[in-house]
1. Open to solvent by 30 Å² or more (accessible area, probe 1.4 Å), at pLDDT below 85 and more than 16 Å from the ligand (Cβ to nearest atom), is that true of A248?
2. When the residues of region 100-152 are narrowed to those that are in a strand (DSSP E or B) and open to solvent by less than 50 Å² (accessible area, probe 1.4 Å), which ends up farthest from V70 (Cα to Cα)?
3. Among the residues of region 48-78, write down those that are in a strand (DSSP E or B) and either at positive phi or open to solvent by 20 Å² or more (accessible area, probe 1.4 Å) (or both).
4. Checking L114 against (1) within 10 Å of the ligand (Cβ to nearest atom); (2) within 25 Å of A19 (Cβ to Cβ), which test does it fail?
5. Please count how many residues of region 42-60 are more than 9 Å from the ligand (Cβ to nearest atom), closer than 21 Å to A79 by Cβ and in contact (Cβ under 8 Å) with a residue 40 or more places away in the chain.
6. Residues that are of a type in the set (K, R), within 9 Å of the ligand (Cβ to nearest atom) and over 17 Å from H152 (Cβ atoms): does region 87-106 have at least one?
Amino acid sequence: MEDSSPDAILSIEDAFYEARMFKAFGADQYPQSVSIADRFELLERIGKGSYGTVFLAQDHELERKVAVKVMPLGDPHVAEREGKLLAQLRHPNIVRIHDHGTKDDYRWLVLELLEGPTLGEWCRGKSTKAILERYLEAGKGLEAAHRHGMAHRDFKPGNVRLDDQGRAVVLDFGLARNLESLQGEAGSPDQVYGTFAYLPPEALRGQRTGEKGDQFSYCVSLWEALSGLNPFALDGRDLEARFHAIQAPPRGGERLPRRVRQALERGMSPLPGDRWPTMGGLLDVLGGASKVRRWPWVLGSIVTVGLLSLNIVYLWSVRERAPVVLPDELPKLELVEALRARDHKEALQALQDSYLEAARQDRETDFISFAVAVATHLEAAAKPVEAAEAWLLVSHLAAKSGDSQLFLSASDKVSALLGRVRAVPSPRSR
Ligand SMILES: Nc1ncnc2c1ncn2[C@@H]1O[C@H](COP(=O)(O)OP(=O)(O)OP(=O)(O)O)[C@@H](O)[C@H]1O
């Protein structure tokens, strides 16, 4: 939150705006205690956005802290309608509106106070999984609003805050104005930059945006949180440059899990009709991606650790009897001699040569035999972990005989294993 002390330095325009606003609420001088509807006492400024100022306030009736947002009234009918719609929105991921009203040229909303950081602040340094979880919550808030016929029109990481349970809660529903008023109100280049960074192309062309626009802004925000990069170059700060940047492929996608990237790319399509039909469709895919990513990893790790342990146990039980199996055709003299002399370093070198030769000639049976020889040898070289990995390969190769892809990748693995052990001094030279 920005510096919210009453003494924080305001621009002349802001100070003038606030003085006028406070006057409307009955305060003759600024700063002076201001009460809205004889109930909500404004305590300090939390922040000021393009559309209004948010204050920490005391609700004297229910004796609790709340946030009060005061903004220009605009069309009183629209304000009235929006206020009612917002009050109907009950969802854990949408900020609660307790009350609303108008006074002179202003309207005010009394909101649930969210004391956590913004989603943008919170995501820094967090894992993909954690970021996806919070964004899925925020997305559910958007989806619920869409079901009630409301679009946000200004979704961005700064418009989501965490509540006291760590849940993402979307702020500012239905409060954003269309682009014409945004252009008129853009006070500083930073403000323009911050807002433009998430706007869909249709908004940049001055069209009113709806659910599909929210979807675009949501995808840009999530992409940025995961990759650390806004997907579209932000060099130009005018509408036209930004519009053209959005037509280019998004940047930084290599940092995202494939399924998430594909889902977001669709959500960021320049044409609204090419995006997901609903937020729900997008969230299903993102939710699935966050789960799918986790399980193969966990399962793979459990299986690998389990197999490795089994192999190590097996190795210790057979290490005295395991024969060195060599391919019939290639009992390399050097290898046999080296094994007899128990010169492991030499033997490994000879093994690797023979092994590479077998791999080169695509002789699978020889290859498996070499893998067995390598495993046995690694075991003799007192490298049980590497040996267990080699045995694992042997069992894979035997089980999947004829799988040329596996054959090739195993070929690389055995080479790497041998390379690792070759650095170890042989027992004789120790
Ligand atoms: N209910 C709330 N609880 C806590 N902080 C809030 C609440 N509503 C808004 N804020 C914070 O008050 C500040 C000003 O909010 P506001 O919505 O006016 O502007 P903004 O989101 O920064 O910009 P813009 O209006 O351009 O979207 C922001 O830091 C916002 O996170």
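The values are calculated or read from the model by the stated rules, or taken from the named source; none is laboratory data. Keep in mind it's a predicted model, so treat the numbers as computed, not measured. Note: ideal-geometry Cβ built from the backbone for every residue, glycine included; neighbour counts use all protein chains shown. The protein model used for the area step is the full one, side chains on, heavy atoms only, and it has no ligands, DNA or RNA in it. Shrake-Rupley method; radii C 1.70, N 1.55, O 1.52, S 1.80 Å.
1. On the way: open to solvent by 30 Å² or more (accessible area, probe 1.4 Å): yes; at pLDDT below 85: no; more than 16 Å from the ligand (Cβ to nearest atom): yes.
In short, no.
2. Quick first cut of region 100-152, residues in a strand (DSSP E or B) only: 100-103, 106-111, 118.
In the following step, the residues that additionally are open to solvent by less than 50 Å² (accessible area, probe 1.4 Å) were identified as 101, 106-111, 118.
On the way: G101: 10, Y106: 7, R107: 6, W108: 4, L109: 7, V110: 9, L111: 11, T118: 20 Å.
It comes out as T118.
3. Looking only at region 48-78, we keep the residues that are in a strand (DSSP E or B), and these are 48, 53-59, 64-72.
Once the filter is applied, which keeps residues that are in a strand (DSSP E or B) and either at positive phi or open to solvent by 20 Å² or more (accessible area, probe 1.4 Å) (or both), region 48-78 yields K48, V54, L56, Q58, R64, K65, P72.
4. Exception for L114: condition (2).
5. Total satisfying the criteria: 1.
6. Of the residues in region 87-106, the ones of a type in the set (K, R) are 90, 96, 103.
Right, trim to within 9 Å of the ligand (Cβ to nearest atom) and you get 96.
Within this subset, residues satisfying the condition of being over 17 Å from H152 (Cβ atoms) are none.
No, region 87-106 contains no residue that is of a type in the set (K, R), within 9 Å of the ligand (Cβ to nearest atom) and over 17 Å from H152 (Cβ atoms).
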